[in-house]
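Engineer: Starting off with a structure, shown below.
The values are calculated or read from the model by the stated rules, or taken from the named source; none is laboratory data. In this text, all values refer to a predicted model and were calculated from it rather than measured experimentally. Reconstructed Cβ throughout: ideal geometry from the backbone, glycine too, with neighbour counts over all protein chains shown. What goes into the accessible areas is simple: the full protein's heavy atoms, side chains included, and nothing from ligands, DNA or RNA. Shrake-Rupley method; radii C 1.70, N 1.55, O 1.52, S 1.80 Å.
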Amino acid sequence: MRPYVPRRSPLRALCGALLVLACAASGCSGDADSEEGAAPARSGAAGAGDPLFPKLGNGGYDVTHYGLTLDYAPDDNHLKGTVQITARATEPLSSFNLDLDGLTVREATVDGRAATFTRGGTELTVTPKSPLSKGRIFKASIRYDGTPKTIHDPDGSIEGWIETDDGAVGLGQPTGSMAWFPGNHHPSDKAAYDVDVTVPIDYTAVSNGELESREVTGERTTYRWHTGEPMASYLATLAVGQFEVTDTVTDGGLPQYNAVDYDEVDASRKVSEQVSEIIDWQSRRFGPYPFSSTGAIVDRNPDVGYALETQTKPYFGAAPDELLLVHELAHQWFGNSVTPRSWQDMWLNEGFATYAEWLWEADHDGRSADEIFQDFWDGTDDQSEGIWAFPPGSPPSAEVVSDSPVYGRGAMTLHKVREAVGDDTFFSIVRTWLKRHRHGNADTKAFIALCEKESGKDLSEIFDVWLYGKGKPDRP
Ligand code: TRP
Ligand code: ZN
């Protein structure tokens, strides 16, 4: 778990300053390392070690904060930006990589000094003037511009930067955020964000977290969005469009910001009340809501065939129905607060978000969870198509991490665990899981260990059959 980094913390600024002074006094950087006989500075790895996405993310440093300053022109779909990345070197670095797909890099600096950079594929390699010693906190700044790419995934879906009829949106699951800003784009490196976006005055720019200010200068508006809790970069979003904004609070007192495309306003009239009701229900079921605000972005974006659980404000390409809201809001706990350490563990996101739908239906005069399980087994539920294609705990390739086994059979696994341990223990496991890994990363191994510890039972057969077994099990 990475510590929560308050924005513009005076303490942090002081620590940074002291560090710089200490370095200046001892002439640190690469030299200090060799003096002490520590490992010599080397290039940071081009990937974070994800078996399904080997080039995603990078090694050698840990980002604590992204400061994005963006300027977007909807007329010609042109983005101009600077990202300032605050990070800590986790090994002595002669250079480090960022992920970036497309766009033109104009300038790179590290701690204010010009750095050289090269590009190859989706890797941007930055070489600072002098090496970074292990533990060093540094600020890398990258200035870039261009028309961001829409990324076409092998499963046929699109992500990255997607134009709409009145603007555009950045969507990042699993790799799309590298289309609109350079960063360490692997879910294991979570960070705080400040996103400042300038758009023409007749547009609204919506991002994660809370709106700190909205300032009009001439014909343009600058929106400043702040995300204080750690966020994986695939959950970052920026939606530019013509939106009706509702800035309100939930019944439970949580700030709620909804942005609804004018074309979707009629169909979205219930959204604000539904978000409020669902967040309250989920907080009772799962424990405290993990973030400082909630809301939704309802766009008109017919090309995107999915919704995304973008942090604090899930994104919908059209007015959502209630169960889709339940699903995306459940991700705020499962996936956003507790984030998989690698994409193989996607079922921890989608299995739980799907199971949240089952629980909602059971609590709202629908089928019981047992009945839904049975309908998935029989294949009569329309979300059950294809769920036996591969074991949800080990998706065989990057193309299938968002396929139905990860959702439906992931939820079935959770239902089997619940059956084995009983309701009280099951919900106590869920709450402990969320509490223990809040704002961090976790993996399936830790989940299984927790289930077995809390229940005092050997659950290996359930996980072997439901999570890791090939094909449809012999009996439900
Ligand atoms: N993770 C999203 C959800 O379940 C859905 C999603 C995002 C998706 N990207 C995708 C589904 C690509 C299929 C293909 O809420
Ligand atoms: Zn989901």
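Engineer: Which condition from (1) away from ligand 2 (no atom under 16 Å from the Cβ); (2) under 29 Å from residue 338 (Cβ atoms) is the one that residue 302 breaks?
Structural biologist: Result: residue 302 fails condition (2) only.
Engineer: Test residue 317 against the criterion of being within 16 Å of ligand 2 (Cβ to nearest atom), of a type in the set (Gly, Ala, Ser) and more than 16 Å from the chain's Cα centre (by Cα), and give yes or no.
Structural biologist: Yes.
Engineer: Which one of these does residue 323 not meet: (1) over 27 Å from residue 163 (Cβ atoms); (2) away from ligand 1 (no atom under 13 Å from the Cβ); (3) surrounded by fewer than 22 Cβ atoms within 10 Å (Cβ to Cβ)?
Structural biologist: Result: residue 323 passes all but (2).
Engineer: Here is a further query. Filter the stretch 152-172 for residues that are more than 16 Å from the chain's Cα centre (by Cα) and part of a strand (DSSP E or B) and give the result.
Structural biologist: Matches in the stretch 152-172: 152, 158, 162, 163, 164, 167, 168.
Engineer: Among the residues of the stretch 377-396, write down those that are open to solvent by 30 Å² or more (accessible area, probe 1.4 Å) and part of a loop (DSSP other than H, G, I, E, B).
Structural biologist: 379, 380, 382, 383, 385, 386, 388, 389, 394, 396
Engineer: Also, quick follow-up: Name the one entry in 247, 261, 266, 251 that is over 20 Å from the mean Cα position of the chain (by Cα), away from ligand 2 (no atom under 16 Å from the Cβ), among the charged types (D, E, K, R) and over 24 Å from residue 210 (Cα atoms).
Structural biologist: Only one candidate passes the filter, namely 266.
Engineer: Being out of contact with any Lys or Arg (no Cβ under 7 Å at 6 or more places or on another chain), farther than 24 Å from residue 339 by Cα and surrounded by fewer than 22 Cβ atoms within 10 Å (Cβ to Cβ) narrows it down to one residue among 153, 145, 166; which is it?
Structural biologist: 166
Engineer: Based on this model, can you work out whether residue 74 counts as open to solvent by 10 Å² or more (accessible area, probe 1.4 Å) and within 17 Å of residue 180 (Cβ to Cβ)?
Structural biologist: yes
Engineer: Taking the condition of being under 18 Å from residue 285 (Cα atoms) and touching a residue at least 24 places away in the same chain (Cβ under 8 Å), how many residues in the stretch 392-421 meet it?
Structural biologist: Matching residues across the stretch 392-421 total 6.
Engineer: Looking at the stretch 310-318, can you tell me whether even one residue there is more than 12 Å from ligand 1 (Cβ to nearest atom), of a type outside the set (D, E, K, R) and free of Cβ contacts under 8 Å to residues at least 12 places away in the same chain?
Structural biologist: Looking for residues that are more than 12 Å from ligand 1 (Cβ to nearest atom), of a type outside the set (D, E, K, R) and free of Cβ contacts under 8 Å to residues at least 12 places away in the same chain, one finds none in the stretch 310-318, hence no.
Engineer: Quick one: count up the residues across the stretch 52-85 that are under 18 Å from the mean Cα position of the chain (by Cα) and closer than 20 Å to residue 236 by Cα.
Structural biologist: Of the residues in that region, 14 qualify.
Engineer: Restricted to the stretch 337-365, and to residues that are closer than 12 Å to residue 327 by Cβ, acidic (Asp, Glu) and within 15 Å of ligand 1 (Cβ to nearest atom), which residue is least open to solvent (accessible area, probe 1.4 Å)?
Structural biologist: 350
Engineer: From the list 294, 312, pick out the single residue that is buried (at least 18 other Cβ atoms within 10 Å of the Cβ), on the phi > 0 side of the Ramachandran plot and out of contact with any Lys or Arg (no Cβ under 7 Å at 6 or more places or on another chain).
Structural biologist: Exactly one of 294, 312 is buried (at least 18 other Cβ atoms within 10 Å of the Cβ), on the phi > 0 side of the Ramachandran plot and out of contact with any Lys or Arg (no Cβ under 7 Å at 6 or more places or on another chain), namely 312.
Engineer: Still on this structure, please answer the following. Could you say whether any residue in the stretch 270-291 is in a loop (DSSP other than H, G, I, E, B), touching a strand residue (DSSP E or B) at 6+ places or on another chain (Cβ under 9 Å) and either buried (at least 24 other Cβ atoms within 10 Å of the Cβ) or in contact (Cβ under 8 Å) with a residue 40 or more places away in the chain (or both)?
Structural biologist: Scanning the stretch 270-291 turns up at least one residue that is in a loop (DSSP other than H, G, I, E, B), touching a strand residue (DSSP E or B) at 6+ places or on another chain (Cβ under 9 Å) and either buried (at least 24 other Cβ atoms within 10 Å of the Cβ) or in contact (Cβ under 8 Å) with a residue 40 or more places away in the chain (or both).
Engineer: Right, next: So, in the stretch 149-161, exactly how many residues are within 12 Å of ligand 1 (Cβ to nearest atom) and either among the hydrophobic types (A, V, I, L, M, F, W, C) or touching a residue at least 12 places away in the same chain (Cβ under 8 Å) (or both)?
Structural biologist: Residues meeting the conditions: 8.
Engineer: Just one of 260, 216, 240 is in a strand (DSSP E or B), touching a Ser or Thr at 6+ places or on another chain (Cβ under 9 Å), within 18 Å of residue 298 (Cα to Cα) and open to solvent by 10 Å² or more (accessible area, probe 1.4 Å); which is it?
Structural biologist: Answer to the selection: 260.
Engineer: If you don't mind, there's one more thing I want to ask. Got at least one residue in the stretch 418-428 being closer than 19 Å to residue 357 by Cβ, buried (at least 17 other Cβ atoms within 10 Å of the Cβ) and in contact with a Gly (Cβ under 7 Å, 6 or more places away or on another chain)?
Structural biologist: There is no residue in the stretch 418-428 that is closer than 19 Å to residue 357 by Cβ, buried (at least 17 other Cβ atoms within 10 Å of the Cβ) and in contact with a Gly (Cβ under 7 Å, 6 or more places away or on another chain).
Engineer: On to the next question. Among the residues that make up the stretch 106-122, is at least one of them under 24 Å from residue 239 (Cβ atoms) and either in contact with a Phe, Trp or Tyr (Cβ under 8 Å, 6 or more places away or on another chain) or open to solvent by 10 Å² or more (accessible area, probe 1.4 Å) (or both)?
Structural biologist: yes
Engineer: Can you give me the number of residues within the stretch 201-210 that are polar (S, T, N, Q) and either in a strand (DSSP E or B) or open to solvent by 10 Å² or more (accessible area, probe 1.4 Å) (or both)?
Structural biologist: Counting residues in the stretch 201-210 that are polar (S, T, N, Q) and either in a strand (DSSP E or B) or open to solvent by 10 Å² or more (accessible area, probe 1.4 Å) (or both) gives 2.
Engineer: Can you find even one residue in the stretch 231-247 that is closer than 18 Å to residue 359 by Cβ and either assigned by TED's automatic domain parsing to the domain that holds residue 424 or within 16 Å of ligand 1 (Cβ to nearest atom) (or both)?
Structural biologist: no
Engineer: Which members of the stretch 174-200 meet the condition of being surrounded by fewer than 24 Cβ atoms within 10 Å (Cβ to Cβ) and either free of Cβ contacts under 8 Å to residues at least 12 places away in the same chain or within 16 Å of ligand 1 (Cβ to nearest atom) (or both)?
Structural biologist: Once the filter is applied, which keeps residues that are surrounded by fewer than 24 Cβ atoms within 10 Å (Cβ to Cβ) and either free of Cβ contacts under 8 Å to residues at least 12 places away in the same chain or within 16 Å of ligand 1 (Cβ to nearest atom) (or both), the stretch 174-200 yields only 174.
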